[in-house]
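Where a number appears in this text, it was derived from the coordinates with a stated rule and is not lab data. As the structure is a computational prediction, the values presented were derived from the model and not from experiment. We place every Cβ from the backbone using ideal geometry, glycine too, and count neighbours over all the protein chains shown.
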Amino acid sequence: MSDDLRAVLERLERWGRARDWLGPDPYEGLNSAAGRLARGRRPRQAVIQAYKRAPFEPPPPLRVAPRPNAKTIALVLSGYVTAPSGGAEFVARAPARLRDLSLRSDGRAAWGYHFDFQSRWRFYSATTPNAIATCFVIEGLLDAGDVDQALAARPFLLDELLVDAADGSYFGYVPGDPPLVHNANALVVGALARLHELDPDDRAAEAAIAAAQTTLAAQRDDGSWPYGTAGNLGWVDNFHTAYTLEGLWRVVQAFGEADDAVRAGYRFWRERLFERDGTARYYPDSRWPLEPHSYASAIDLLVLLGDRAMAERVARAAVRDLWLEDEGRFAFQRRARRLNKRAFVRWTNAPMFRALARLISAQAGSTELFLRPAMREDAALLRDWRNDPEVRAVSGTTHEVALEEHSAWLDRVLADPARTLWIAEMGGEPIGQVRFDSGDGEHEISVSVGAGRRGGGAGRRLIDAGVRALAAEGATGRVVAYVRDDNYRSRRAFGGAGFEPDSASDRDGFVRMVRSL
């Protein structure tokens, strides 16, 4: 993991700790004076949207005093125990704070939000626990090792959220026979699966598997799931799809169910809800709005599934699009023509804190090799590699490159959609680069490994990782390498990565080697 993402995490942690991770929420508008006066679905929704969309803290009567939020505490708790950084006091206090915020007693636990809310299908109050908040709290408690309090929420999930319907059982968003919301159902079955691994329970396992099958049966032909089954809940978006996939993946891990469907859903999510540079689109057919909530949910899922290279790409896109350098936090939302800088905590900065902490923890000390897109900030590093005497001796061009010349070259590469340039990292440190110049069904590969990283198969691993990553981007055809006749080390590296000599080379002094995608 590069130092710049670590620095973002550290600054974000300081920002949150300075206010004890307490702050506004985009959906708390009904806590305002105007919200308390609103009656009926449409007036309540109007207040919520006015509060949410305001580009700055709204004045009275829409102003709201911040209150503790159980999901926020759980997100930050998970972040601190994953990659501790100044959070010992928070971690020590969090379980008791969550116990105080529980909306059930007598040995049971359940959590909700600190505000009344009017959804498209129902009004529920701040005293109503819900599936989303409860599942996130269960996850935070389990991450922190408080298994007993997490298990205390299982009766709420089974006794108050389980709905027996004609089309299959499912777990509702809130108690009281609500419509099926797939991401809520999937998060509950995922929480039950994780609890089952720690404390097996046959009733919970059967209910989780049956409810998972209900959501699996609703998967569309393209691999997606709608938000819900009611007529006005048919949309598909990024972070709700990530929630659904995460819950179902935990069912796969615990019970061996749904593997093929989850893979199909994952393919849809990766192909339709992300751009090549890691931008997390909100909808399949529209990138706007860009929100940290989408980026954070994506990073969490990608780390869980082991796709750390893509997780880092998404993290870098989030920083590029939404990080406020002068304030040390993330903005709420970017649209095509404006940036909303509201300082939301539960929805924005707490999820990004947990996601970045998990990503950095996953990368720390790793001997795995990960690729990330090159950036202009890599210019000096790439130039140092390019000007290494050993690299120049075996390159097609052997002169030492000046900074101005190299910067202009890098700008051209980054702007050209036919050229792909990745930085390879291992254990959080850059070790080399791989570039592809594509055209007419062939992709010419160029690779270099830093001087201190050569030997031990690093070049072969980098070549193989680059080809696999290119294929994962949807490229087809053949990868072509031109290697100097006398560069036996590179010829062995390419051969070990599956390349074979081709017909007579069209470049004097170079061997042409190919590998099919």
Subject >> Cα point-scatterer Debye curve for the range 2-86, base-10 log of I(q)/I(0) at q = 0.12, 0.18, 0.23 Å⁻¹ >> reply: -0.49, -0.83, -1.04
Original post:
What residues have an amide H closer than 5 Å to that of F330, excluding those fewer than 5 places away on the same chain, when H is modeled at 1.01 Å from N in the peptide plane?
Top reply: L324
**OP:** Starting from the amide H of L273, placed 1.01 Å from N in the peptide plane, find each other amide H under 5 Å away whose residue is 5 or more places distant or on another chain.
**Re:** none
**OP:** State the answer as a single residue: which of P68, I423, A472 lies farthest towards the positive end of the charge dipole of the chain, with beta carbon charges of +1 for Lys and Arg and -1 for Asp and Glu, about the Cα centre.
**Re:** P68
Original post:
So for F499, F510, fewest C-beta neighbours within 10 Å to most, what's the order?
Top reply: F510, F499
Original post:
In whole Å and largest first, what semi-axes does the C-alpha gyration tensor of the range 277-338 yield when each eigenvalue is scaled by 5 and square-rooted?
Top reply: 19, 15, 9
Subject >> Listed peptides 470-481, 407-418 by packing density, highest first (mean Cβ within 10 Å) >> reply: 470-481, 407-418
Subject >> Interchain or long-range residues, amide H under 5 Å from V511's placed H >> reply: V483, R484, D485
Original post:
Looking at W385, F499, G450, which one has the Cα that reaches farthest to the positive end of the dipole of the range 371-516 (charges on Cβ: Lys, Arg +1; Asp, Glu -1)?
Top reply: F499
Original post:
What is the calculated FRET efficiency for L305 to T127, with r their C-beta to C-beta distance and R₀ = 30 Å, to the nearest 0.05?
Top reply: 0.25
Original post:
How far, in degrees from 0 to 90, does helix 182-198 lean away from the longest principal axis of the Cα atoms of the chain, to the nearest 10?
Top reply: 80 degrees
**OP:** Using only Cα atoms, tell me the angle between helix 41-53 and the longest principal axis of the chain; keep it within 0 to 90° and round to the nearest 10.
**Re:** 40 degrees
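Take peptides 181-189, 341-349, 431-439, 193-201 and line them up by average Cβ neighbours within 10 Å, highest first, as a rough protection proxy. Write out the running numbers ahead of the final one.
Numbers: 181-189: 29.0, 341-349: 23.6, 431-439: 19.6, 193-201: 16.1.
With the highest mean Cβ count within 10 Å placed first, the list reads 181-189, 341-349, 431-439, 193-201.
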Original post:
Using only Cα atoms, what Kirkwood radius does the range 121-277 have, in angstroms?
Top reply: 15.7 Å
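Ordered by packing density, taken as the mean number of other Cβ atoms within 10 Å over each peptide's residues, highest first, how do 298-309, 131-142, 482-493 rank?
Numbers: 298-309: 21.8, 131-142: 26.1, 482-493: 16.3.
Ranking the peptides 298-309, 131-142, 482-493 by packing returns 131-142, 298-309, 482-493.
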Original post:
In whole Hz, what ³J(HN,Hα) sequence does the range 467-484 give by Karplus (6.51, -1.76, 1.60; θ = phi - 60°), x for Gly and Pro?
Top reply: 5, 5, 5, 5, 5, 5, 7, x, 5, 10, x, 10, 9, 10, 10, 10, 10, 4
Original post:
If you add up the charges near D222, with Lys and Arg at +1 and Asp and Glu at -1, over every other residue whose beta carbon is less than 13 angstrom from its beta carbon, what do you get?
Top reply: +1
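Only counting other Cβ atoms within 10 Å, I'd like I463, I360 sorted with the fewest neighbours first.
On the way: I463 26, I360 22.
Listed from fewest to most nearby Cβ atoms, that is I360, I463.
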Subject >> Under the Karplus curve 6.51 cos²θ - 1.76 cosθ + 1.60, θ = phi - 60°, whole-Hz ³J(HN,Hα) for the range 99-116, x wherever Gly or Pro sits >> reply: 4, 5, 8, 4, 9, 10, 9, 6, x, 10, 9, 6, 9, x, 9, 8, 9, 5
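Roughly how many debye, to the nearest 20, is the charge dipole of the range 243-328 about its Cα centre, given +1 on each Lys and Arg Cβ, -1 on each Asp and Glu Cβ, and no other charges? Numbers along the way, then the final one.
Working: 12 positive and 16 negative charges, 62 e Å.
For this selection, approximately 300 debye.
Which percent of the Cα-Cα distances in the range 371-516 go past 25 Å? All intermediate terms of the calculation are to be shown ahead of the outcome.
Working: 2466 of 10585 pairs.
Summing the P(r) tail past 25 Å for the range 371-516 gives 23 percent.
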Subject >> Using θ = phi - 60° and Karplus 6.51 cos²θ - 1.76 cosθ + 1.60, couplings along the range 213-221 (whole Hz; Gly, Pro as x) >> reply: 4, 5, 5, 4, 5, 8, 5, 7, 4
Original post:
Considering only A166, P155, C135, whose Cα is most displaced toward the positive end of the charge dipole of the range 116-167, charges sitting on Cβ of Lys, Arg (+1) and Asp, Glu (-1)?
Top reply: A166
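Once the piece of chain linking A336 and D440 is laid out straight, how much longer is it, given 0.36 nm per residue of separation minus the C-alpha distance between them?
Numbers: separation 104, 0.36 × 104 = 37.44 nm, distance 3.41 nm.
Length gained, A336 through D440: 34.0 nm.
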Original post:
With Cβ to Cβ distances under 13 Å as the rule, what net charge do the other residues near F510 carry (K, R +1; D, E -1)?
Top reply: -2
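Divide the volume of the convex hull of the Cα atoms of the chain by its number of residues and quote the answer in cubic angstrom per residue.
Numbers: hull volume 83.9 nm³, N = 517.
About 162 Å³ per residue, rounded to a whole number.
Only Lys, Arg, Asp and Glu count, each charged at its Cβ (+1, +1, -1, -1), so figure out the dipole size of the range 371-516 about its Cα centre, rounded to 20 debye. Walk me through the numbers on the way to the answer.
Working: 21 positive and 24 negative charges, 108 e Å.
Once rounded to the nearest 20, the dipole reads 520 debye.
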**OP:** On a 0 to 90° scale, report how tilted helix 70-82 is relative to the longest principal axis of the chain, with both axes built from alpha carbons and the result rounded to the nearest 10.
**Re:** 40 degrees
Subject >> Dipole magnitude of the chain, debye to nearest 20 (Cβ charges: Lys/Arg +1, Asp/Glu -1, about Cα centre) >> reply: 1600 debye
